[in-house]
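Here is the structure we will look at.
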Amino acid sequence: MFDMLARRALQSALVVLVMSVLAFAGIHLVGDPVYLLVPPDAPQAEIARATRQMGLDLPLHQQYGRFLWNAVHGDLGNSFIFNRPALALIFERMPATLELAVFALLLSAAIGIPFGMWSGMHPGSAVQKIAMGFSILGVSVPVFWLGLILIMLFSVSLGWLPSGGRGPTTSLFGIEVSFLGWDGLRFMLLPACTLALHNIALVMRITEASTREVAGQEYVRFARAKGVGPLRLVWRHIAPNVMIPVVTVLGLEFAHLIAFSLVTETIFAWPGMGKLIIDSLLQLDRPVVVAYLMVVLLLYVLINFVVDVLYLLLDPRLRARSA
Amino acid sequence: MLARRFLRRHAGVAAAAFLLLLVLLAALAPLVAPQDPYDLGQVWIMENERPPLSRSDDGRRLFLLGTDGAGRDMASAILYGLRISLAIGIGSALVALLLGIVVGLAAAYYGGRIDAALMRIVDVQLSLPTILVALVLLAVLGQGVDKTLMALVLVQWATFARNVRGAAMVERGKDYIEAAVGQGLPAWRIMLRHVLPNCWAPLIVTTTNQMASAITLEATMSFLGIGLPQTEPSLGLLISNGFDYVLAHQYWISVFPGVALVLLVVSVSVIGDQLRIVLNPKLDA
């Protein structure tokens, strides 16, 4: 089992390295940030000085080498716009994004799994048809349009919920969170629901497919013949096997949520990492963009790795096979 | 036979018919649309922000879905936007399919190190979040239809490559391929005439799903302001343009293009779903 994990760890490291090269090379081609610090009509000496100061006069591979060396030491450069460490900017905004992502994940698990399991165990029922219809809609509706509709409905027409921003936060272990007070929660509801819809639909479909497969198996029929009650049947016999693919999907989707939050944050003006990168991209704030890509990629790779380990732990057949 | 089984599924047939209608409307947009929204001679700024079902100032035209901030008829703008969304979505999926077929077949046929190397690249590509890759690519490449197409193709090809390679690997092990190799047929002929035709079943489902996600991804990129330029407005750009009007209760500028987009993506997804059920005998009860 451990050699499989080691191989995955190595592959993950390779992915991170490759992405660092791509991110660095790609962002390097986007405009010349010298003109952010000096006006375009400045004397040549001034431009040269600024170029040297930002290290932009070195050959590309040397710039990359410097970047990598600094990165390993935790320094991903200073933002050109804010003149603060890019990494600090990102970590400042990470709790906001993570809050949204975690809330959306919990929503999708809480709604998707029960409906999916019910649909899987009662194929052809009204609930199943509605749930499957809803799930097709859920994966097809683009996130930004859904956000628009929700704003229209709940903010403009009904006036129940605010249409943007984060609102008052409370401090939890030194981190600012929104969900602890109703005031803060009000601001979080719409963006979290927008983000979660796609996930709810996906979890519903996977759970339904998985449940249908598990419920049709011999051992379930035997348990029912034995006289096992419906609740115990679901809890002890069906659910554990249904959960294996569902948990892995939830884990993978968590990473996807973090990446996709940038659209939701833009619509709702939620001050998270996603909004930061969109703004930085449009303003050519290179270090922040590169730092964001590296952080998100690292998160992605970490989550994938954890999901792989979880998968191995949950499914004893895999453990036996690799032993 | 597949066609007959598909025709028995009502949801699939309805979705396919609807998609055909949309494609027809989009293709014939210059003939069908009541107004060419990008011909400045036909657009009056004084007729802007009219609600749905209102008439133009001279009373001759009916704005079925209202007008936007510049006086363009929403129904016409949607038809033209549909054109672009469809073209880019379907076009990029097909090109990515081609690229994926080439890579997947090569990996499956030659096996060994070539397979390992190609699949390693595919794995790396697939472990990156699509929206971030698309974002960075478009930020680097800049705006434009061809650049958007390129970015979308680069984001999608890996899924196709993996699918094709999986299916082709299964076929590769079968006897008839061994016989063909023994006969001395050239590699490309074996791959294209013998392996590929037997792989297309799962490929069709993947293609429809990828088309749906390509259309959505392009709309998202346009909404964020990167990707297509203002001169080639897709549905995503229309939605983004109308965003500011929502708070002023002028919902039609954003909502109707969104509805069109949703209907488009839903019909493609339903077709893909029904195809998946038809192709897998276990699910087709």
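Condition (residue is within 21 Å of B:L25 (Cβ to Cβ), within 19 Å of the chain's Cα centre (by Cα) and of a type outside the set (V, I, T)) applied to the stretch B:53-63: is it met by at least one residue? Steps first, answer last, please.
Pass one, the stretch B:53-63, residues within 21 Å of B:L25 (Cβ to Cβ): B:53, B:61-63.
If we keep only those that are within 19 Å of the chain's Cα centre (by Cα) too, we end up with none.
No; the residues of the stretch B:53-63 include none that is within 21 Å of B:L25 (Cβ to Cβ), within 19 Å of the chain's Cα centre (by Cα) and of a type outside the set (V, I, T).
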* Residue satisfying all of: in the stretch A:205-263; closer than 25 Å to A:G147 by Cα and β-branched (V, I, T); farthest from the chain's Cα centre (by Cα) among these -> A:I206
* Can you name the condition, by its number, that B:D273 falls short on among (1) closer than 23 Å to B:A14 by Cβ; (2) among the charged types (D, E, K, R); (3) surrounded by fewer than 20 Cβ atoms within 10 Å (Cβ to Cβ)? -> (3)
* Asked: Taking only pairs six or more apart or across chains, which ones have beta-carbon atoms under 6 Å, a first residue in the stretch B:17-30 that is under 13 Å from B:G81 (Cα atoms), and a second residue that is surrounded by 15 or more Cβ atoms within 10 Å (Cβ to Cβ) and of a type in the set (D, E, K, R)?
  -> B:A26/B:R83; B:A29/B:R83
* Asked: Could you say whether any residue in the stretch B:77-92 is within 14 Å of another protein chain (Cβ to nearest Cβ), among the β-branched types (V, I, T) and touching a residue at least 12 places away in the same chain (Cβ under 8 Å)?
  -> yes
* State which residue pairs qualify: first residue under 16 Å from A:N83 (Cβ atoms) and part of a loop (DSSP other than H, G, I, E, B) and inside the stretch A:282-310, second residue at pLDDT 80 or above and polar (S, T, N, Q) in any location, beta carbons under 9 Å apart, and separation of 6 or more residues or different chains. => none
* the stretch B:218-239, residues that are at the interface with chain A (Cβ under 9 Å from one of its Cβ atoms) and within 21 Å of B:A96 (Cα to Cα) -> B:A219, B:T220, B:I226
* Asked: Out of all the residues in the stretch B:245-259, is one or more at the interface with chain A (Cβ under 8 Å from one of its Cβ atoms), part of a helix (DSSP H, G or I) and touching a residue at least 40 places away in the same chain (Cβ under 8 Å)?
  -> no
* To do: Taking B:S240 as the residue in question, decide whether it is among the hydroxyl-bearing types (S, T, Y), under 16 Å from B:M150 (Cα atoms) and in a helix (DSSP H, G or I).
  => no
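So, A:A255, is that one exposed (fewer than 15 other Cβ atoms within 10 Å of the Cβ), among the aliphatic types (A, V, I, L, M) and part of a helix (DSSP H, G or I) or not?
Answer is no for this residue.
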* Asked: If B:V122 satisfies every condition in (1) within 20 Å of the chain's Cα centre (by Cα); (2) within 15 Å of A:V15 (Cβ to Cβ); (3) buried (at least 20 other Cβ atoms within 10 Å of the Cβ) but one, which is the exception?
  -> (1)
* To do: Within the stretch A:288-298, identify whether any single residue is closer than 24 Å to A:G74 by Cβ and among the aromatic types (F, W, Y), and answer yes or no.
  => yes
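Which residue, of B:T207, B:T220, is within 14 Å of the chain's Cα centre (by Cα), at pLDDT 80 or above, assigned to a helix (DSSP H, G or I) and more than 29 Å from B:L279 (Cα to Cα)?
Details: B:T207 fails: more than 29 Å from B:L279 (Cα to Cα).
None of the others qualify; the one that does is B:T220.
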* To do: Kindly indicate the residue of the stretch B:140-155 that is surrounded by fewer than 23 Cβ atoms within 10 Å (Cβ to Cβ), part of a helix (DSSP H, G or I) and within 12 Å of chain A (Cβ to nearest Cβ) and also modelled with the lowest pLDDT among those meeting that condition.
  => B:V140
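If you go through the stretch A:91-110 one residue at a time, how many are among the aliphatic types (A, V, I, L, M), farther than 30 Å from A:G77 by Cβ and crowded, with 18+ Cβ neighbours inside 10 Å?
Step one: filter the stretch A:91-110 for residues among the aliphatic types (A, V, I, L, M), giving A:94, A:96, A:98, A:100-102, A:104-107, A:109-110.
If we keep only those that are farther than 30 Å from A:G77 by Cβ too, we end up with A:104-107, A:109-110.
Now drop any that are not crowded, with 18+ Cβ neighbours inside 10 Å, which leaves A:104-105, A:107, A:109.
The number of residues fulfilling the criteria is 4.
I'm trying to understand the selection: among the residues of the stretch A:54-76, which are part of a loop (DSSP other than H, G, I, E, B) and either out of contact with any Lys or Arg (no Cβ under 8 Å at 6 or more places or on another chain) or surrounded by fewer than 12 Cβ atoms within 10 Å (Cβ to Cβ) (or both)?
Here is the first cut: in the stretch A:54-76, the residues part of a loop (DSSP other than H, G, I, E, B) are A:54-59, A:73-76.
Of everything in the stretch A:54-76, those that are part of a loop (DSSP other than H, G, I, E, B) and either out of contact with any Lys or Arg (no Cβ under 8 Å at 6 or more places or on another chain) or surrounded by fewer than 12 Cβ atoms within 10 Å (Cβ to Cβ) (or both) turn out to be A:M54, A:L56, A:D57, A:P59, A:H73, A:G74, A:D75, A:L76.
Regarding B:R113, is this residue more than 25 Å from the chain's Cα centre (by Cα), not aromatic (F, W, Y) and not in a helix (DSSP H, G or I)?
Numbers: more than 25 Å from the chain's Cα centre (by Cα): yes; not aromatic (F, W, Y): yes; not in a helix (DSSP H, G or I): no.
So B:R113 fails the test.
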* Is one or more of the residues making up the stretch B:75-83 among the polar types (S, T, N, Q), within 30 Å of A:L302 (Cα to Cα) and under 25 Å from the mean Cα position of the chain (by Cα)? -> no
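Does the stretch A:6-24 contain at least one residue that is more than 14 Å from chain B (Cβ to nearest Cβ) and at pLDDT 80 or above?
Restricting attention to the stretch A:6-24, the residues satisfying the condition of being more than 14 Å from chain B (Cβ to nearest Cβ) are A:6.
Narrowing the set further to residues that are at pLDDT 80 or above leaves A:6.
There is at least one residue in the stretch A:6-24 that is more than 14 Å from chain B (Cβ to nearest Cβ) and at pLDDT 80 or above.
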* To do: Within the stretch A:86-102, identify whether any single residue is touching a helix residue (DSSP H, G or I) at 6+ places or on another chain (Cβ under 6 Å), away from every other protein chain (no Cβ under 14 Å), part of a loop (DSSP other than H, G, I, E, B) and modelled with pLDDT under 85, and answer yes or no.
  => no
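Determine which member of the set A:L146, A:L172, A:L161, A:L150 is within 30 Å of B:A214 (Cα to Cα), under 26 Å from the mean Cα position of the chain (by Cα) and more than 9 Å from chain B (Cβ to nearest Cβ).
Details: A:L146 fails: more than 9 Å from chain B (Cβ to nearest Cβ); A:L172 fails: within 30 Å of B:A214 (Cα to Cα); A:L161 fails: within 30 Å of B:A214 (Cα to Cα).
The match here is A:L150.
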* If you go through the stretch A:264-293, how many residues are within 14 Å of the chain's Cα centre (by Cα) and surrounded by fewer than 23 Cβ atoms within 10 Å (Cβ to Cβ)? -> 1
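The values are calculated or read from the model by the stated rules, or taken from the named source; none is laboratory data. Source: prediction; values computed, not measured. Here the Cβ is made from the backbone with ideal geometry for all residues, glycine too, and neighbour counts use every protein chain on show.
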